[in-house]
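Shown next, in structure tokens, is the structure this report addresses.
The values are calculated or read from the model by the stated rules, or taken from the named source; none is laboratory data. Just so it is clear, the structure is predicted and the values come from calculations on it, not from any experiment. Ideal geometry is used to build each Cβ from the backbone, glycine not excepted, and the neighbour counts take in all protein chains shown. Side chains included, ligands, DNA and RNA excluded: accessible areas come from the protein's heavy atoms. Shrake-Rupley method; radii C 1.70, N 1.55, O 1.52, S 1.80 Å.
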Amino acid sequence: MWGGRFGAGPSAVMRDINASIGFDKRLWQQDLAGSKAHAAMLGRQGIVATADIEAILAGLEQIEAEYAAGGLVEDAALEDIHMHVETRLAELIGPAAGRLHTARSRNDQVATDFRLWVRDAVDAIDAGLGAFEAALLARAEEHADSVMPGFTHLQVAQPVTLGHHLLAYVEMTRRDRSRFADARARMNECPLGSAALAGTSFPLDRASVASALGFDRPTANSLDSVSDRDFALEFLSCVVMTGLHLSRLAEEIIIWASQMFGFVKLPDAFSTGSSIMPQKRNPDAAELVRGHSGRLLGCLTALNVTMKGLPLAYSKDMQDDKPPVFEAYDLLALSIAAMTGMVETLSFDTARMRAAAAQGYSTATDLADWLVRVADVPFREAHHITGRAVKAAETAGCLLADLPLETLVAIDARIDKRVYEVLSVEASVASRTSLGGTAPANVRARIAALRGA
């Protein structure tokens, strides 16, 4: 490749540090697709003779079949997937293979390949998140009426429904999917034809190549085209946010599966045992998803640091753009699959959840609201009255709903027996009908709306 300028080949160390085939072989499908579109355009524009283009396209088809069958043989001397394809093409069709690289550089070639790969990765992740969202919706519908404690500061706060809790993760997932969709729209421009950095003097039809590869349009600036990795950084940003959301649910599953909580039981398929303690059932799948989120953040940080000081246009540092993106994709795809499987198969102990929801005086706010609504007490005063009622229940060792009426009346004479209509956890959740509230009717309505969207 360097024969005209260099009199000697690279040292073994230079060859090893320079080679990227060990990881960029993942781009083979995208590289072949880009080469086919470029070759076809060269033929249409009369830049390369029709006979040579026909030979090139036939050769690329054969290489595609070979690679699909696992026929890629790595050679560090060929550096990257682009030279592997071009070298194999030359073996198949001879000197005509050298015409394929007319009016393009490895700079715009890799920029195109990488965009195509990331675009495919976005589509695959969206499909996985769609399955995850469907699993959450199914379990939320199943538990629209199941009462559980809602927490702030990991202390029992107010009763909610399990369906409402699961729908919170549906909302997160929908935002994740929208972020990936936005990123996909922005990255869907084709760099091919920008050449090394300055464009080319050949009469290219860049728009036709962009269309053939499913891009919306060609990129507008050749310098930016070959040096831009915003699409990879934005992809990683979306990955990190999604991983964060998965990690939060994983953490809740870990807590809920502990003996102290006992809210859920993980199936054997998503649990492991102990090498020494035969009684153990460890939530390792959830713990690994939680751990993956930190690695995902590391991938984003790595590429940010790589790109932050690079002048225009291409620098070899950018060869290191792909490993963190590939790693992040693999980790997130695995995490989504694991979380989907867990959500689908978790066994919820709804009786234990309901009992826990009644602890911690979780209907105290309902008492305060009742005082405001029925007895016309200002909320701040109602808050103080309710605090005294909680203290009385704590002293008596009972729930608010079990306090005798005379005790409540002694605290404030405006309280009457109607107050017991709001002090059960079922009454509490049923009353939360405000937009976005936890009431079972709200949960079912939101599920119906999401399924109809």
Of the conditions (1) more than 27 Å from MET187 (Cα to Cα); (2) open to solvent by 40 Å² or more (accessible area, probe 1.4 Å), the single one that ALA124 does not satisfy is (1)
Looking at segment 396-418, which of its residues are open to solvent by 50 Å² or more (accessible area, probe 1.4 Å) and either among the basic types (Lys, Arg) or under 48 Å from the mean Cα position of the chain (by Cα) (or both)? GLY397, LEU399, ASP402, ARG414, LYS417, ARG418
Condition met for SER335 (of a type in the set (Ser, Thr, Tyr), part of a helix (DSSP H, G or I) and touching a strand residue (DSSP E or B) at 6+ places or on another chain (Cβ under 6 Å)): no
Pairs, first farther than 16 Å from ASP123 by Cα in segment 227-241, second open to solvent by 10 Å² or more (accessible area, probe 1.4 Å) and not aliphatic (A, V, I, L, M), C-beta under 6 Å, six or more apart: SER227/TYR314
Restricting attention to segment 323-344, which residues are within 14 Å of SER247 (Cβ to Cβ) and β-branched (Val, Ile, Thr)? ILE336
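For (1) basic (Lys, Arg); (2) exposed (fewer than 15 other Cβ atoms within 10 Å of the Cβ); (3) modelled with pLDDT of 95 or more; (4) outside the structural domain of ALA232 (by the TED database), each residue gets a yes or a no:
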site	(1), (2), (3), (4)
GLU54	no, yes, yes, yes
LEU72	no, no, no, yes
ALA77	no, yes, no, yes
LEU89	no, no, yes, yes
ILE93	no, no, yes, yes
When you look at VAL343, is it within 30 Å of GLY291 (Cβ to Cβ) and either of a type outside the set (Phe, Trp, Tyr) or open to solvent by 10 Å² or more (accessible area, probe 1.4 Å) (or both), yes or no? yes
Taking the options LEU367, LEU371, name whichever one is outside any loop (DSSP other than H, G, I, E, B), assigned by the TED database to the domain that holds ARG418 and under 26 Å from ALA144 (Cα atoms). LEU367
Residue list for segment 388-405, filter: on the phi < 0 side of the Ramachandran plot and without any contact (Cβ under 8 Å) to a residue 12 or more places away in the chain: LYS391, THR395, ALA396, CYS398, ASP402, PRO404
Taking only segment 42-76 into account, find how many residues are part of a helix (DSSP H, G or I) and within 36 Å of the chain's Cα centre (by Cα). 10
All-but-one check, PRO278 against (1) assigned by the TED database to the domain that holds LEU136; (2) open to solvent by 10 Å² or more (accessible area, probe 1.4 Å); (3) part of a helix (DSSP H, G or I), failing number (3)
If I go through segment 423-444 residue by residue, how many of them are more than 29 Å from the chain's Cα centre (by Cα) and basic (Lys, Arg)? 1
Taking the residues in segment 151-179 that are of a type in the set (A, V, I, L, M, F, W, C) and surrounded by fewer than 21 Cβ atoms within 10 Å (Cβ to Cβ) as candidates, determine which candidate is nearest to the chain's Cα centre (by Cα). MET172
